[in-house]
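Please read the structure below before turning to the comments.
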There are 2 protein chains.
Amino acid sequence: MPAPVTAPIGVVLARTAKTAGRAFDQALAAAGGSQPVWQILISLKTTAVANQRELADAVGIQGATLTHHLNGMEAAGLVTRRRDPGNRRVHLVELTEAGEQLFHRLASAAIAHDQRLRKGLSDAEIAQLADLLQRLAANVADT
Amino acid sequence: MPAPVTAPIGVVLARTAKTAGRAFDQALAAAGGSQPVWQILISLKTTAVANQRELADAVGIQGATLTHHLNGMEAAGLVTRRRDPGNRRVHLVELTEAGEQLFHRLASAAIAHDQRLRKGLSDAEIAQLADLLQRLAANVADT
DNA sequence: TATTGTTATACTCTATAACTATA
DNA sequence: TATAGTTATAGAGTATAACAATA
């Protein structure tokens with residue numbers, strides 16, 4: 001029998017990510033957020049970042065791009081920035097109460113999105129998918 | 001033993017797609033293209049589209065967005081647009097010789113990118129990954 | 001001088017609304 | 001009126017280069 005003809009895995013990956021990403025965009029927007037804001041919030045909550053450079057790395061964007069988003073988030077009352085007394089070059093980014101609340105709303109939206117994505121797939125399949133994706137990503141890391 | 005703790009599959013998917021997509025961007029740019037241009041070229045070459053609306057659907061963008069890209073591609077000498085004599089509302093999009101050549105260059109880049117992505121994964125694993133991704137995408141289709 | 005972050009500017013992709021041409 | 005496509009405009013996300021503040 002002939003080998004099955006499949007689309008290039010990069011194409012399948014890109015198409016799936018586009019579809020899933022748009023659905024996630026809508027879910028986040030309905031909860032008052034966006035993907036960059038969600039990435040920044042989750043990094044602030046779950047990672048101990050020493051400065052904005054590390055925060056930008058955690059989110060996967062440039063420092064100036066992070067500043068752009070933090071400006072918007074500060075204007076929206078989600079975060080505050082103040083200088084680190086121990087090293088006044090460093091700006092400490094902290095969540096406000098509104099930022100905490102948005103984080104929880106977006107977390108709920110993200111969980112609901114994930115449950116929707118996982119529908120029809122077993123835990124073992126999800127675990128294998130995650131493993132395969134991580135191995136794929138490792139092949140193109142730090143380009 | 002406790003269940004393994006994995007990041008939400010949506011997060012893994014988004015992160016992998018971002019990493020792989022950026023690597024693909026660079027590969028296409030080095031070959032003189034971009035992802036939208038590549039999607040349009042491959043759709044023109046492999047799908048029988050009756051009009052620009054169908055082409056836009058195949059690429060996954062709006063008609064006006066397609067026009068934007070076709071304007072650039074026409075200015076770059078990659079495609080021509082002429083009216084269909086049988087229905088002059090329809091604009092027939094055709095590849096020029098330069099468009100054909102760019103298609104082949106980008107196809108080579110895409111193949112190389114895919115081989116890089118697949119490194120270390122067996123054909124069976126790739127097939128299963130594609131299957132899992134397609135089932136994931138089906139869960140959020142036509143949002 | 002080196003490090004941290006911001007400002008200024010611009011580019012790409014995308015979208016919606018209003019419009020033109022054709023049927 | 002309905003369909004195919006374009007134009008005008010705008011917004012989100014990203015980036016680089018130049019700059020200011022601090023060490």
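Observations on the structure shown:
- Residue list for segment A:28-49, filter: among the hydroxyl-bearing types (Ser, Thr, Tyr) and either more than 12 Å from the chain's Cα centre (by Cα) or open to solvent by 50 Å² or more (accessible area, probe 1.4 Å) (or both): A:46, A:47
- Residue count for segment B:35-65 under the criterion of being out of contact with any Gly (no Cβ under 8 Å at 6 or more places or on another chain) and farther than 25 Å from residue B:111 by Cβ: the result is 8.
- Flag not set for residue B:82, criterion: out of contact with any Lys or Arg (no Cβ under 7 Å at 6 or more places or on another chain), closer than 12 Å to residue B:52 by Cβ and either open to solvent by 70 Å² or more (accessible area, probe 1.4 Å) or at pLDDT 95 or above (or both).
- Inter-residue pairs, beta-carbon under 7 Å, first within 15 Å of residue A:92 (Cβ to Cβ) and open to solvent by less than 50 Å² (accessible area, probe 1.4 Å) and in segment A:50-72, second more than 8 Å from DNA strand D (Cβ to nearest atom) and outside any helix (DSSP H, G or I), 6+ apart: A:52/A:91; A:52/A:93; A:55/A:49; A:55/A:93; A:70/A:79; A:70/A:81; A:70/A:93
- Residue match in segment B:36-46 (condition: more than 20 Å from residue A:8 (Cβ to Cβ) and away from every other protein chain (no Cβ under 13 Å)): no
- The set of residues in segment B:95-104 being part of a strand (DSSP E or B) and either more than 22 Å from residue B:37 (Cβ to Cβ) or free of Cβ contacts under 8 Å to residues at least 40 places away in the same chain (or both) is empty.
- Scanning segment A:15-27 for residues that are more than 24 Å from residue A:57 (Cβ to Cβ) and either open to solvent by 20 Å² or more (accessible area, probe 1.4 Å) or modelled with pLDDT of 95 or more (or both) turns up A:15, A:18, A:19, A:22, A:26, A:27.
- For segment B:111-127, a residue qualifies if it is more than 7 Å from every other protein chain (Cβ to nearest Cβ) and not small (Gly, Ala, Ser), and the qualifying residues are B:111, B:115, B:123.
- Qualifying residue in segment A:29-50 (condition: touching a Ser or Thr at 6+ places or on another chain (Cβ under 7 Å) and charged (D, E, K, R)): no
- Looking across segment A:93-110, the residues that are more than 16 Å from DNA strand C (Cβ to nearest atom), more than 14 Å from chain B (Cβ to nearest Cβ) and open to solvent by 30 Å² or more (accessible area, probe 1.4 Å) come down to A:97, A:98, A:100, A:101, A:104, A:105.
- Residues in segment B:40-73 that are polar (S, T, N, Q) and within 11 Å of DNA strand C (Cβ to nearest atom): 4 in all.
- As for segment B:65-82, it holds no residue that is under 16 Å from the mean Cα position of the chain (by Cα) and either away from DNA strand D (no atom under 12 Å from the Cβ) or not in a helix (DSSP H, G or I) (or both).
The values are calculated or read from the model by the stated rules, or taken from the named source; none is laboratory data. Here the structure is a predicted model, which is why all the values come from computation and not from measurement. Glycine gets a Cβ as well: all are built from the backbone with ideal geometry, and neighbour counts include every protein chain shown. Surface areas here come from the heavy atoms of the whole protein model, side chains and all, with no ligands, DNA or RNA. Shrake-Rupley method; radii C 1.70, N 1.55, O 1.52, S 1.80 Å.
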